[in-house]
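The values are calculated or read from the model by the stated rules, or taken from the named source; none is laboratory data. This is a predicted model, so every value here is computed, not measured. Every residue, glycine among them, receives a Cβ derived from its backbone with ideal geometry; neighbour counts consider all protein chains shown. Protein only, heavy atoms only, side chains kept; ligands, DNA and RNA dropped before computing areas. Shrake-Rupley method; radii C 1.70, N 1.55, O 1.52, S 1.80 Å.
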Amino acid sequence: MKDYIEGIVAPIDRDNIDTDQIIPTEYLKSIKKFGYEDYLFDGWRYTDQGRLGMKKAEREINYEFILNNSPYSESKVLLTRDNFGCGSSREHAVWALRDFGIEVVIASSFGDIFFNNCFKNGVLPLTLNKTEIEELFSVSMDNPITISVNIKDKVILFKDKLSINFDLDDNLAERIIYGLDEIDITLKDSELIKKFEEKRKENNPWIFE
Amino acid sequence: MGYTIYDKLWNEHLIRSYDDGDSLIYIDRHFLHEVTSPQAFEGLKKKSLKPWRINANIATPDHNVPTIRDNKFSIENIEDNISKLQVVELDKNCNDFGIKQFNINSNNQGIVHVIGPELGLTLPGMSIVCGDSHTSTHGAFGCLAMGIGTSEVEHVLATQSLKVKKLKNMRINFEGSIQKGVSSKDIVLYLIRTIGTAGGTGYAVEFAGSYIRNISMEARMTICNMSIEAGAKVGLVSVDDKTIDYVKKHSNLEANLINDAIIKWETLKTDKEAIFDKEIDIDVSKINPQVTWGTSPEMVIDFNEKIPSSAILSAEKRKSLDLAKNYMGLSDNQELSDLDFDKVFIGSCTNSRIEDLREAAEVLKGQKVSEKIQEAIVVPGSGMVKEQAEKEGIHKIFIEAGFQWRAPGCSMCLGMNPDQLNPYERCASTSNRNFEGRQGNLGRTHLMSPKMAALTAINGRIVKEI
Ligand code: SF4
């Protein structure tokens, strides 16, 4: 059960961070579901060009990039701005965040497909309004801060200095809290799907050719 | 009260709603390719599950396939071992589960969004998903089509359904007739420039208006294809005679079945009284050819404009503009026509259909690619497009002009295969994403129409007049 996350905030002050930036195409060649931690934000994190299979230790590190520096290399929370995760549907983007250790991404908006992908992998995308985002940037930009995210009560706390309530559908919250397997849940409706399918076939036989 | 086409499609596929606002919808067609499916198949195997309805699934390798190959080429010939493994996996998974695949040697292999419609596998009224954001392309046929992630690919394989929230309705009315030299690519780039890359987020966007009614299915596909670049995972066009004519021509269905289907398909249009959550009117007659200058598909200007100056912008906006200029190697107030290009790529699921190739070939007839251009490649979207182009002699025009005539695949749209930009190379590309590194590490992409790409090939730079 995961209803509470506490972690260091890594602020990345950019709009429109697309999934090609979160993980470049090269690493989409993997057929595995895990092991993407070293490729997160590859183009920004390193100054050399990587290949699938290369480890962080073999790479030329860009120390100007926030996640390469302590304590941000331990961050669990990513703070960014508009339209995070736009672009390609690659779930690898979420896998890379998850494998790196990011459990919460805070942004003013998200790409639709990325947003959905997050919940399948225990990564919580939180949408806050621009004022709240600005507040978080202002407290986290200069010094590392640790915030807590209480998923049950839907509130972000930074000591006694900041308290921000967030909206999150209960079912989405539950997916993060209990890590439910969606296929199992849907298959409970097997009979319903079968019935629907039969009727659809009767009315639209051309689809089933 | 009336319904939008999206509402109708939604109701047609709704299996059930849950208390929390989620819904379960039935999936008619599932396209698969080698990049986003291996983990889904693995998940299926781990749970000892089988695909719910085998026939719903159609697979083809497109992202990793080399485009320099002939009929004798086999998977074993893929030089990059990691790319090879993905294609091998797809082959294996399709064989293990009995899924129909157009494999690397098939005449019908191609970019998944190009082959679906042309093989008659995309039919009006279908719900269509694929682990690929440009699945929105199929919305041109009045389909409920959207990109999904790999976990959802597994879910669809296992349950023939998808859990989603209903989107809001938006309509873009494109009115008027376009100027000479302007194509559907320019229209959609202009739209993204206008509403931004998040403008359509949370919406199913219907494209309507006299302009949409007048254009071909290919052009409609180009527009629906890039609705995801405007943030909308669903892009749609109401069914009309053009849709039905296209489907009749491309489908293998028996005549009676088609006739029954047509009655249904004709209802797949937005009712007059339907109300949209948002409507935008765009006069297309004023739109010039559009070119992206930066690293987001909304960073678009007219082909004869200057790179936007950051000076007038708010600090927040300025930052992203400056980052983009820096990456693209641009300075304030440079003209687009000042830039020297290194490569030209005509292809991708946005612009690799026969009509696109014809458009480029018309410009290239009797012309030569500029000496400044190191490589100009044209990659047809499918085996069928390639064959048709060869029948028409279009390939000869490309070759004589100095283009390389390649075999179908995604190619330099994302450079998973050997077709890539080298660092700092500038490319005129008919694809859909100009993100940093999209076509190769540190490569610089300018998105444009096939016609503009052809003109750029001839001149080595973007022309100032057309
Ligand atoms: S052509 Fe490009 S955008 Fe289209 S499916 Fe292939 S990689 Fe994706």
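Using beta carbons and a limit of 8 Å, which pairs, at least six apart or on different chains, have the first residue in the stretch B:120-144 and over 19 Å from residue A:87 (Cα atoms) and part of a helix (DSSP H, G or I) and the second one away from the ligand (no atom under 15 Å from the Cβ) and among the basic types (Lys, Arg)?
Correct list of pairs: B:140/B:220.
Would you pick out the residues in the stretch B:197-221 that are within 18 Å of residue B:179 (Cβ to Cβ), touching a residue at least 40 places away in the same chain (Cβ under 8 Å) and among the hydrophobic types (A, V, I, L, M, F, W, C)?
If the condition is that a residue be within 18 Å of residue B:179 (Cβ to Cβ), touching a residue at least 40 places away in the same chain (Cβ under 8 Å) and among the hydrophobic types (A, V, I, L, M, F, W, C), then B:219 is the only one that fits.
Of the numbered conditions (1) surrounded by fewer than 23 Cβ atoms within 10 Å (Cβ to Cβ); (2) of a type outside the set (Asp, Glu); (3) not in a helix (DSSP H, G or I), residue B:445 satisfies every one except a single condition; which is it?
In the conditions (1) surrounded by fewer than 23 Cβ atoms within 10 Å (Cβ to Cβ); (2) of a type outside the set (Asp, Glu); (3) not in a helix (DSSP H, G or I), residue B:445 misses (1) alone.
Checking residue A:125 against (1) farther than 25 Å from residue A:73 by Cβ; (2) crowded, with 20+ Cβ neighbours inside 10 Å, which test does it fail?
(1)
Select, from B:100, B:168, B:163, the only residue that is at the interface with chain A (Cβ under 9 Å from one of its Cβ atoms) and among the charged types (D, E, K, R).
On the way: B:100 fails: at the interface with chain A (Cβ under 9 Å from one of its Cβ atoms); B:168 fails: at the interface with chain A (Cβ under 9 Å from one of its Cβ atoms).
Just one listed residue meets the conditions, B:163.
Among the residues that make up the stretch B:351-373, is at least one of them open to solvent by less than 10 Å² (accessible area, probe 1.4 Å) and farther than 17 Å from residue B:454 by Cβ?
no
Considering the stretch B:303-321 alone, what residues qualify as being surrounded by fewer than 16 Cβ atoms within 10 Å (Cβ to Cβ) and in a helix (DSSP H, G or I)?
Across the stretch B:303-321, the qualifying residues are B:315, B:316, B:317, B:318.
Taking the criterion of being over 30 Å from residue B:406 (Cβ atoms) and either more than 9 Å from every other protein chain (Cβ to nearest Cβ) or touching an Asp or Glu at 6+ places or on another chain (Cβ under 7 Å) (or both), would at least one residue in the stretch B:28-42 satisfy it?
no
If I filter the stretch B:175-196 down to residues being out of contact with any strand residue (DSSP E or B) (no Cβ under 8 Å at 6 or more places or on another chain) and open to solvent by less than 20 Å² (accessible area, probe 1.4 Å), which single residue comes out as farthest from the other protein chains (Cβ to nearest Cβ)?
Looking only at the stretch B:175-196, we keep the residues that are out of contact with any strand residue (DSSP E or B) (no Cβ under 8 Å at 6 or more places or on another chain), and these are B:177-184, B:188, B:196.
Among the residues that remain, those that are also open to solvent by less than 20 Å² (accessible area, probe 1.4 Å) are: B:181-184, B:188, B:196.
Details: B:181: 29, B:182: 26, B:183: 23, B:184: 21, B:188: 16, B:196: 8 Å.
Only one residue fits best here, namely B:181.
How many residues, within the stretch A:89-125, are within 16 Å of residue B:200 (Cβ to Cβ), within 16 Å of the ligand (Cβ to nearest atom) and assigned to a loop (DSSP other than H, G, I, E, B)?
Number of matching residues: 2.
Do you know which of the residues in the stretch B:352-378 that are in contact with a strand residue (DSSP E or B) (Cβ under 8 Å, 6 or more places away or on another chain) and within 16 Å of the ligand (Cβ to nearest atom) is farthest from the other protein chains (Cβ to nearest Cβ)? Outline the logic, then answer.
Let us first name the residues in the stretch B:352-378 that are in contact with a strand residue (DSSP E or B) (Cβ under 8 Å, 6 or more places away or on another chain), namely B:352, B:356-357, B:360, B:369, B:373-378.
Among the residues that remain, those that are also within 16 Å of the ligand (Cβ to nearest atom) are: B:352, B:356-357, B:377-378.
Working: B:352: 18, B:356: 22, B:357: 25, B:377: 18, B:378: 21 Å.
Per the criteria, the residue is B:357.
Which of the residues spanning the stretch A:155-209 are hydrophobic (A, V, I, L, M, F, W, C), exposed (fewer than 14 other Cβ atoms within 10 Å of the Cβ) and facing another protein chain (nearest Cβ under 8 Å)?
The answer is A:208, and nothing else.
Restricting the search to the stretch B:339-351, which residues are part of a loop (DSSP other than H, G, I, E, B) and either within 16 Å of the ligand (Cβ to nearest atom) or of a type outside the set (Phe, Trp, Tyr) (or both)? Steps first, please.
Of all residues in the stretch B:339-351, those part of a loop (DSSP other than H, G, I, E, B) come to B:339-342, B:347-351.
Listed by number, the residues that qualify are B:339, B:340, B:342, B:347, B:348, B:349, B:350, B:351.
In the set B:62, B:91, B:70, B:80, which member is open to solvent by less than 10 Å² (accessible area, probe 1.4 Å) and acidic (Asp, Glu)? Give the steps one after another, and end with the answer.
Details: B:91 fails: open to solvent by less than 10 Å² (accessible area, probe 1.4 Å); B:70 fails: open to solvent by less than 10 Å² (accessible area, probe 1.4 Å); B:80 fails: open to solvent by less than 10 Å² (accessible area, probe 1.4 Å).
Answer to the check: B:62.
Going through the stretch B:197-217 one residue at a time, which ones are at positive phi and surrounded by 20 or more Cβ atoms within 10 Å (Cβ to Cβ)?
We begin by selecting, within the stretch B:197-217, every residue at positive phi; these are B:202, B:209.
Within the stretch B:197-217, none qualify.
Within the stretch A:14-66, work out how many residues are facing chain B (nearest Cβ under 7 Å) and touching a residue at least 12 places away in the same chain (Cβ under 8 Å).
Within the stretch A:14-66, residues that are facing chain B (nearest Cβ under 7 Å) and touching a residue at least 12 places away in the same chain (Cβ under 8 Å) number 12.
Taking the stretch B:415-438 only, how many residues are at the interface with chain A (Cβ under 9 Å from one of its Cβ atoms), under 18 Å from the mean Cα position of the chain (by Cα) and farther than 18 Å from residue B:137 by Cα?
4
Can you pull out the residues in the stretch B:132-163 that are open to solvent by 10 Å² or more (accessible area, probe 1.4 Å) and of a type in the set (Val, Ile, Thr)?
None; the set is empty.
Failed condition for residue B:270, given (1) of a type in the set (Val, Ile, Thr); (2) modelled with pLDDT of 95 or more; (3) surrounded by fewer than 16 Cβ atoms within 10 Å (Cβ to Cβ), with all others met?
Unmet for residue B:270, out of (1) of a type in the set (Val, Ile, Thr); (2) modelled with pLDDT of 95 or more; (3) surrounded by fewer than 16 Cβ atoms within 10 Å (Cβ to Cβ): (3).
Could you check the stretch B:169-180 and list, in sequence order, the residues that are part of a strand (DSSP E or B) and under 22 Å from the mean Cα position of the chain (by Cα)?
Initially, the stretch B:169-180 is screened for residues part of a strand (DSSP E or B), giving B:169-175.
Correct list: B:169, B:170, B:171, B:172, B:173, B:174.
Enumerate the helices (runs of 4 or more DSSP H) found wholly within the stretch B:1-110, keeping only those where 1 or more residues are among the aromatic types (Phe, Trp, Tyr) and under 30 Å from residue B:207 (Cα atoms). Please lay out each step first, then the result.
Working: elements: B:5-13, B:38-46, B:81-97.
The helices (runs of 4 or more DSSP H) meeting that bar are B:5-13.
Criterion first (within 12 Å of another protein chain (Cβ to nearest Cβ) and within 16 Å of the ligand (Cβ to nearest atom)) does residue B:65 satisfy it?
On the way: within 12 Å of another protein chain (Cβ to nearest Cβ): no; within 16 Å of the ligand (Cβ to nearest atom): yes.
No, not satisfied.
If we keep just the residues of the stretch B:395-414 that are in a helix (DSSP H, G or I) and out of contact with any strand residue (DSSP E or B) (no Cβ under 9 Å at 6 or more places or on another chain), which is most open to solvent (accessible area, probe 1.4 Å)? Give the steps one after another, and end with the answer.
Taking the stretch B:395-414 and keeping what is in a helix (DSSP H, G or I), we get B:395-401, B:411-413.
After this cut, where a residue has to be out of contact with any strand residue (DSSP E or B) (no Cβ under 9 Å at 6 or more places or on another chain) as well, the list is B:397, B:400.
Numbers: B:397: 35, B:400: 119 Å².
It comes out as B:400.
Take residue B:54 and decide whether it is open to solvent by 10 Å² or more (accessible area, probe 1.4 Å) and in contact with a Gly (Cβ under 6 Å, 6 or more places away or on another chain). Don't jump to the end; show me each part of the working.
Working: open to solvent by 10 Å² or more (accessible area, probe 1.4 Å): yes; in contact with a Gly (Cβ under 6 Å, 6 or more places away or on another chain): yes.
In short, yes.
Would you call residue B:280 open to solvent by 70 Å² or more (accessible area, probe 1.4 Å), aliphatic (A, V, I, L, M) and either outside any helix (DSSP H, G or I) or at pLDDT below 95 (or both)? Walk me through how you get there before you give the answer.
Working: open to solvent by 70 Å² or more (accessible area, probe 1.4 Å): no; aliphatic (A, V, I, L, M): yes; either outside any helix (DSSP H, G or I) or at pLDDT below 95 (or both): yes.
No, not satisfied.
Does residue B:412 fit the bill of being within 14 Å of chain A (Cβ to nearest Cβ) and in contact with a His (Cβ under 9 Å, 6 or more places away or on another chain)?
Working: within 14 Å of chain A (Cβ to nearest Cβ): yes; in contact with a His (Cβ under 9 Å, 6 or more places away or on another chain): no.
No: the conditions fail for residue B:412.
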